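Note sheet for the following structure.
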Amino acid sequence: MDKKQAEKRIKELRKKTEYYAKKYYDDDKPEISDFEYDMMMLELRTLESQYPELITKTSLTQKVGGTVKEGFQKVEHEVPLQSLQDVFNFEEIENFDERVQKQALENNIEQPKYVVETKIDGLSAALEYKDGIFVRGATRGNGLVGEDVTENLKTIKTIPKELPEKINITVRGEVFISKEDFEIMNQEREENEEELFANARNAAAGSLRQLDSNVTKKRPLDIYIFNVQKIEGKEFNSHFEELQYLSNLGFNVNPVRIYCKNKEEIINAINKIGEDREKLTFGIDGAVVKVDNLKLREIMGTTSKVPKWAIAYKYPPERKETILKDIVCQVGRTGVITPMAILEPVKVAGSTISKTTLHNEDFIKEKGLKIGDRVIIQKAGDVIPEIVEAVKVKRTGEEKEFKMPRVCPVCGAEAVREEGEAAIRCTGIECPAKLYRNLVHFVSREAMNIDGLGENIIGILLEKKMITNIADIYDLKFDDIASLKKNGKKFAQNLVDSIIASKQNDLYRLITALGIRHVGVKAAKILARRFGNIDSLSLATIEELSEVEDIGPIVAQSIKEFFAQEQTQDLILRLKNAGVNTERIKDEEEDNRFEGKTFVLTGSLEKYSRDEASNIIEKFGGKTSSSVSKKTSYVLAGEDAGSKLIKAQSLGVQIITEAEFEDMCKL
């Protein structure tokens, strides 16, 4: 490749790596595998080494990827949190050892030793202690400036809040989520119809970089400490000695650290970690080789991006060939129908894989998969098994095309795929696969508000087959409910009273409770006002529905499909027979003073929660929106109002205080 061709390719690679680095580091949503990204960086680094005059300071070979997320305070690292130079073969390990040996010889330092550690697949962070008290924690960011995530780090139980010694110290560690916890998180997200995390690293990064520490607190984060960045009043000779000291202080130190005397032992250690990686409870993306002698480290120094005294060996993903024996469909709690690959069992990265998700019909088409194909399997992020590709050259002609079902395999109701979505869903409200989730939603506070009928009780009722349908709630007897708890008579009476009271709810609550896709509380109130009763709503045409304010064609289609189902009509009939109100309850004198007005709420209000203020606005016929536009009528601004207030000012939207809002609401 000549210089002109190299320059063109370098520009292409820089553009690609910057885009993928942003998706990985800043958005925590990677679009390609680590291996693919590493190969791009390796090609870029190779070309730049061939044509050093083409190197620029902005190239990712010269700087650490990542920026500071908006909303976090910036933290300047006293000691930069650098990246590591990646290598992919043992020849480069031997070259590294030669460079170290040369520096040691030139500076009269005895035979250098090494420490080989696991390269934990997580998010790097620095923890700062003053007089032994944890005072601040920050992400790596771009290596020089990171994000202040102190409150989020305080939610991690393995981070000591106070040390046994009153010292000033800054340590570096890797925040991660264990393999087991990651699988549980993704299972829960799949059940809740949330986007799955691509890998454990990005799940950890996204969790730590939450603006609300209460969200972080719910995530199973952990940390391993692997370096002393700065310490006052103490000196160490070796890295291994530092790690032991950190362990004595109570830090959760990287558990895999192998002391090596030469390159042969380094290679053995890397191979050993590679063999044992499946047994580790946490994910790794390589092994790190570090010079142990701290004086030699200082002599060797660093580049603008990486230390010269350390190197990271990256393991290639293990791939195996097997047979795609069948594709079966499973129905999740939200009704999403997911195709699953049934495989000839094969051992990959230490575990036997016999099935894996195929996500949706688009994935199957993209990969060109057929039942009977020979396929290549790998583990994504060393955790999730995935099909990489079909080995089309080995096809015999006996392979079969697969088509996603258009009826639910569990209940037989129509299965639909909405425009712009990849998922196919069961539309049946009585589908047994969806029943638990539908029941939990039906009785929730924003829906029928049946107090006492929580998730645990619903689970018991289903297990005992005391309910097999939503309408069965209204057939529950006092004695049956009392039998669920020891001395359960008071509980039973309260629940019976709550069930009876729910029969008198307004129509909008019933519409909300039915769980029609895209129809939340706000849309339910609009539909209740427009149609007045459940029968009129169920008979409405798509055209009539689309004409309703804030009900677009997608929502209209969803409503029409829902009421067209035999299961829906059966449920509504049973609810009517049970005495559940299906009519809108009108106020004696309706006050629609905010009709046609759109409010945006921002900042903290003193007297109202966001929900309370929204309910008042909707009661008076108005509506709320989450974003400011020229169509916004008012912005209700509380304390610490942010970007929405600034946008309202720039657009000339009327801004009102809480006191002014109260005046507007007075009768």
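Throughout, read-outs are computed from the coordinates displayed, never taken from laboratory work. These figures come from a predicted structure and were not determined experimentally. Positions of Cβ are generated from backbone atoms using ideal geometry, with glycine treated the same way; all protein chains shown enter the neighbour counts.
Remark: spin-label model distance GLN229-ILE460 equals 5.0 nm, labels positioned 7 Å along the Cα→Cβ axis. Between the range 195-218 and the range 320-389, the C-alpha centres lie 26 angstrom from each other. Think of the chain as a dipole: +1 on every Lys or Arg Cβ, -1 on every Asp or Glu Cβ, centred on the Cα centre; then among ILE655, ILE267, TYR129, ILE267 lies furthest on the positive end. Cross-link partners of LYS477 among lysines, defined as those whose alpha carbon lies under 20 angstrom from its own and excluding same-chain residues fewer than eight positions apart: LYS464, LYS465, LYS485, LYS486, LYS489, LYS490, LYS503, LYS576. Given (i) 24.1, 73; (ii) 25.5, 86; (iii) 30.3, 95 as candidate values of Rg and Dmax of the Cα atoms in Å, which corresponds to the one derived from the coordinates? The value matching this structure is (iii). Centre-to-centre, using Cα atoms only, the range 17-34 and the range 415-488 are separated by 40 Å.
When all alpha carbon pairs of the range 1-146 are counted in 10 Å bins from zero, the resulting P(r) reads 9, 29, 33, 23, 6, 0 %.
Report the FRET efficiency, 1/(1 + (r/R0)^6), for LYS576 and SER498, where r is their Cβ-Cβ distance and R0 is 22 Å, rounded to 0.05. For R0 = 22 Å, the calculated efficiency reads 0.65.
Per-residue packing, averaged as other Cβ atoms within 10 Å, sorts the ranges 334-342, 15-23 into the order 334-342, 15-23, beginning with the highest.
Quote to one decimal, in nm, the extra length available between LYS355 and LYS279 on full extension: 0.36 nm per residue of separation minus the C-alpha distance between them. Before the final figure, lay out the partial values.
Working: separation 76, 0.36 × 76 = 27.36 nm, distance 2.05 nm.
That works out to 25.3 nm of additional length.
Entry for the range 598-665 at q = 0.12 Å⁻¹: log10 I(q)/I(0) = -0.25, Debye formula applied to identical alpha-carbon scatterers, no solvent contribution.
Any chance you could tell me what percent of the C-alpha pair distances in the range 545-659 go past 25 Å? More than 25 Å apart: 44 percent of the Cα pairs in the range 545-659. For the range 427-577, the equivalent ellipsoid derived from the Cα gyration tensor has semi-axes of 30, 15, 12 Å, listed largest first.
Label-to-label distance, ASP131 versus LEU651, with points set 7 angstrom from Cα along the beta-carbon direction: 5.0 nm.
For the chain, the relative contact order works out to 9 percent when only alpha carbon pairs closer than 8 Å and six or more residues apart are counted.
No disulfide-compatible partner, judged by a Cβ distance under 4.7 Å, exists for the following cysteines of the chain: CYS260, CYS329, CYS665. Restricting the calculation to Cα atoms, the range 318-426 yields a radius of gyration followed by a Dmax of 14.4, 41 Å.
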